[in-house]
Amino acid sequence: MPLFLTQQDVDFWKENGYVKFRLYSDKEMDAICKEYDYLFKLKENSGMEAAWIGDDMIKATKGKEVSVQSVHNLQMHSATFTKILTDDRLLDALQDVMGTEHIALHHTKAHNKPPKRGAPYLMHQDYLYFPYKNDSMVAVFLNIDNSDPENGGLCVYPGSHKLGPLPDHGYKADGKDADFHWADPAKYPIEGATPIVAKRGEVVIFSYLLLHGSYVNNSERTRRMFLAQIMAADDEPLKDLHKSPAQGLMLRGFNPKRDATMEKRFHH
């Protein structure tokens, strides 16, 4: 029996690869928003620019200059985001969809899309950034604002997690290894995706194999989000990629595979 979600939610997750639900009240979101805005104001610098580049992005934006600011590893900046990660309601929902009580952190990030020129993200799978043996990885996407296609909201291809890893059509600055990963825009155009219209305080959990992206923010509204990538504690990386502070931090349960020797006590 599910701990937080309904059985209908769990069934929807299995079929579609994502599920949306309300987690935070308006009062709770007021506190989160205050800390979020303070963090972005405090840390603001040119190195926070996170818009993708390449010919496919130029086509997607019709050559328009776009931007999105990003901060990674928010739990290292503010305890507010550590509290989100350890919220029992969220962990109950994660346990409902992941099927395990042994839940670990991979990393966190936040994207802030400005009005009128917020950058889109082409349809992609997170798998290519950090592939894992058992594909247990899921994203927790917290909507800081009401979001829809007009202000650059999230969109997905329901059920695409069942396709497994797809070929990479991303941007390769050196002609060899991709800096940014996305699926073939001709086969999986963002126009063919299903929009996820969400309210402030709603969470979307989705598989890292689910094709997802987000629209250009052409509205007068900002679109802010917080995202955490979460994995089963006993899952193993297939490649030595994307090492982040606090990676492997146990959020619930325990990690039976964690090395406990003195020799590796300083290893991530």
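The values are calculated or read from the model by the stated rules, or taken from the named source; none is laboratory data. What you see is a predicted model, and the numbers here were worked out from it, not measured in a lab. Every residue, glycine as well, gets a Cβ built from its backbone with ideal geometry; the counts of neighbours run over all protein chains shown. For accessibility, only protein heavy atoms count, side chains too; no ligands or nucleic acids. Shrake-Rupley method; radii C 1.70, N 1.55, O 1.52, S 1.80 Å.
Worth a mention:
- ALA193, sole failed condition from (1) among the small types (Gly, Ala, Ser); (2) touching a Cys at 6+ places or on another chain (Cβ under 8 Å); (3) open to solvent by 40 Å² or more (accessible area, probe 1.4 Å): (3)
- From ASP126, ASP168, residue being among the charged types (D, E, K, R) and open to solvent by less than 30 Å² (accessible area, probe 1.4 Å): ASP126
- Evaluation of THR80 against (1) in contact with a helix residue (DSSP H, G or I) (Cβ under 6 Å, 6 or more places away or on another chain); (2) under 30 Å from PRO256 (Cβ atoms) (one fails), failing number: (2)
- Members of the range 55-106 found to be of a type in the set (Asp, Glu), open to solvent by 60 Å² or more (accessible area, probe 1.4 Å) and either over 30 Å from VAL10 (Cα atoms) or part of a helix (DSSP H, G or I) (or both), listed by number: ASP55, GLU65, ASP88
- Qualifying residues in the range 124-144 (those that are part of a strand (DSSP E or B) and under 13 Å from the mean Cα position of the chain (by Cα)) - the one nearest to THR222 (Cα to Cα): ASN143
- Residue match in the range 212-232 (condition: among the β-branched types (Val, Ile, Thr), crowded, with 21+ Cβ neighbours inside 10 Å and either without any contact (Cβ under 8 Å) to a residue 24 or more places away in the chain or in contact with a helix residue (DSSP H, G or I) (Cβ under 7 Å, 6 or more places away or on another chain) (or both)): yes
- Qualifying residue in the range 240-251 (condition: assigned to a strand (DSSP E or B), within 29 Å of ALA198 (Cα to Cα) and touching a residue at least 40 places away in the same chain (Cβ under 8 Å)): yes
- Those residues of the range 235-258 which are open to solvent by 70 Å² or more (accessible area, probe 1.4 Å) and either at positive phi or among the acidic types (Asp, Glu) (or both), in sequence order: GLU236, ASP240
- Selection from the range 58-96 of residues that are more than 30 Å from VAL216 (Cα to Cα) and either of a type in the set (A, V, I, L, M) or without any contact (Cβ under 8 Å) to a residue 40 or more places away in the chain (or both): ALA79, LYS83, ASP88, LEU91
- Members of the range 146-155 that are at negative phi and buried (at least 21 other Cβ atoms within 10 Å of the Cβ): SER147, ASN151, GLY153, LEU154, CYS155
- Residue in the range 12-25 that is of a type outside the set (Asp, Glu), in contact with a Ser or Thr (Cβ under 7 Å, 6 or more places away or on another chain), in a loop (DSSP other than H, G, I, E, B) and open to solvent by less than 30 Å² (accessible area, probe 1.4 Å) present: yes
- SER46 satisfies every condition listed in (1) at pLDDT 95 or above; (2) surrounded by fewer than 20 Cβ atoms within 10 Å (Cβ to Cβ) except (1).
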